[in-house]
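The values are calculated or read from the model by the stated rules, or taken from the named source; none is laboratory data. Computed from a prediction, not measured in an experiment: that's the story for all the values here. Using ideal geometry, Cβ is built from the backbone for each residue, glycine included, and neighbour counts are taken over all protein chains shown. Protein only, heavy atoms only, side chains kept; ligands, DNA and RNA dropped before computing areas. Shrake-Rupley method; radii C 1.70, N 1.55, O 1.52, S 1.80 Å.
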Amino acid sequence: MAEPESTVINTNVKQKDPSKALVIAVTTRAIFNLEKEHKLYLEKGKEEYTRHQQVNQDKPLPPGTAFAFIQAVQYVNKKMLESNPAEKDLFDILVLSNNSPESGARIINSAKHYGVSAALIFQQEVQAPSTPLRVVFDGDAVLFSNETDLIFQEHGLEGAVRYEQAMEAVPMGEGPLKTFAVHLGKMRRKFSQEKSPIRTYLVTARSGRDMGIRAIKTLREWGLAIDEAFFMDGAPKGPILAQIQPHIFFDDGLHNIQGAQNVGVPSAWVPSCC
C-alpha cells in the first residue's frame, strides 16, 4: 500500500549476525495476497483500508507469491539448526511493510498464524514444509557476467560461439547473483547431496554442445556445485521450470520471466547493469 510510513514488522526479533547470515528482504505483499486490500486502498482510500484491516485483524491473509519460498527458507534453517544448534550460516529474512502501525496488526497476526517472523528466528512450533528449497539461476548476466551476451548482440550467435571456444579455458566473470549462489552452495555443503535441504539449478539459453563447457568449467573454478544444469539452446524455459517447480527463478530476460509466470513459477527479474 502506498502509505508514507515504512516499518519492519516484528521488530522485537533480533537479527542474526549479518556477517554470517544470508539476508533477504521481502515485502508483505509478496508473502501474503493483499490484492483485494490494495484495490480497496486505491478505490476508497487509506481510512477505509485501515478500518477493513482492523475489523479483519484476526482473519489470516491468504498466502502470496513468495509464501512457499519463505516456508522453504524456514525449512533450511530448521535442518541447519538440527544438524548444528550453534550454526551461524542461516537465512535472515526481513519482512518489510509500508503499512502504518494501526493497520499492521493483521499483517503481524497473519505472520504469527503461519509461523513467519521478521528475521525468521526459527521456533520449534513453526510448521515448515519438508521439501528442499529449490532455486533456479539463469547463466549469462545472472550467475555469470554479461560478456558473452555483449558479443552475441554485436556479432550474432556464430561470433558468440567462436568467442566461447577461444575463451574456453578462462573462467567467466562474476554475475550479480554469483555471491548469493556461492553462499547457498556453502550452506548446501554442510549436508550430503541426498539430505541437503537446498537444491540449485542452472537453466541457461546456452547450447550445451557449443557453449556449455565454459559454463561448467567456471562453476568448477568457483567451487559452486549445481544439482542440475539445463542447456536450452534457445528453447523456452517455461516447460522445464514447470517440471522443477522452483520456489524462485532468477533471469535477466523479461520474456523468460513471463514464461515462468505463465506456468505459475515465482520469478525475479535481474536487470542488466550498465
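In percent, how large is the relative contact order of region 22-122, given Cα pairs closer than 8 Å and 6 or more residues apart? Reported relative contact order: 42 percent. Around residue 247, what is the net charge, scoring Lys/Arg as +1 and Asp/Glu as -1 over all other residues with Cβ under 11 Å from its Cβ? Here the charged neighbours net out to +2. Close amide H partners of residue 189, meaning residues 5 or more places away or on another chain with modelled amide H under 5 Å apart, do not exist here.
Taking all protein chains together and rolling a 1.4 Å probe, residue 167 ends up with roughly 50 Å² accessible. When the solvent-accessible area of region 133-269 is split by element, carbon and sulfur atoms take up 53 percent of it, the probe being 1.4 Å. What does the C-alpha gyration tensor say about the overall shape of region 133-269? Classify as rounded when a/c is under 1.5, otherwise prolate if a/b is larger than b/c, or oblate. It comes out oblate by the Cα gyration axes.
At a Förster radius of 30 Å, what calculated FRET efficiency corresponds to the Cβ-Cβ distance of residue 86 and residue 25, to the nearest 0.05?
Working: r = 26 Å, r/R0 = 0.85.
So the FRET efficiency works out to roughly 0.70.
The residues of region 133-269 expose, per residue, 48 Å² of accessible area to a 1.4 Å probe.
Rounded if a/c is under 1.5, else prolate if a/b is larger than b/c, else oblate: which is region 22-122, with a ≥ b ≥ c the root eigenvalues of its Cα gyration tensor?
Working: a/c = 2.74, a/b = 2.58, b/c = 1.06.
Cα axes put region 22-122 in the prolate bin.
For GluC sites (Glu not before Pro), the sites in region 133-189 that DSSP calls loop and that have at most 12 other Cβ atoms within 10 Å are 168. Under 5 Å between amide hydrogens, built in the peptide plane, is the criterion, and for residue 232 it picks out 204, 205, 206 among residues at least 5 positions away or on other chains. Report the number of Lys pairs in region 22-122 whose alpha-carbons are under 19 Å apart, with separation of 8 or more residues or on distinct chains. The result is 8. Close amide H pairs (under 5 Å, H built 1.01 Å from N) link residue 22 with 90, 91, 92, residues at least 5 positions away or on another chain.
Distance between the modelled labels on residue 189 and residue 174, one decimal in nanometres: 1.5 nm (7 Å Cα→Cβ projection).
What net charge is computed for the residues neighbouring residue 33, neighbours being all others with C-beta under 15 Å from the C-beta of residue 33, Lys and Arg scored +1, Asp and Glu -1?
Values: positive: 29, 36, 39, 59, 106; negative: 35, 37.
Surrounding charge for residue 33 is +3.
Remark: region 211-220, residue by residue, has Karplus-estimated 3J(HN,Hα) of 9, x, 4, 5, 4, 5, 5, 5, 4, 5 Hz, where x stands for each Gly or Pro and the curve is 6.51 cos²θ - 1.76 cosθ + 1.60 at θ = phi - 60°. Taking 25 Å as R0, compute the FRET efficiency from the Cβ-Cβ separation of residue 158 and residue 220 and round it to 0.05. Approximately 0.40, to the nearest 0.05.
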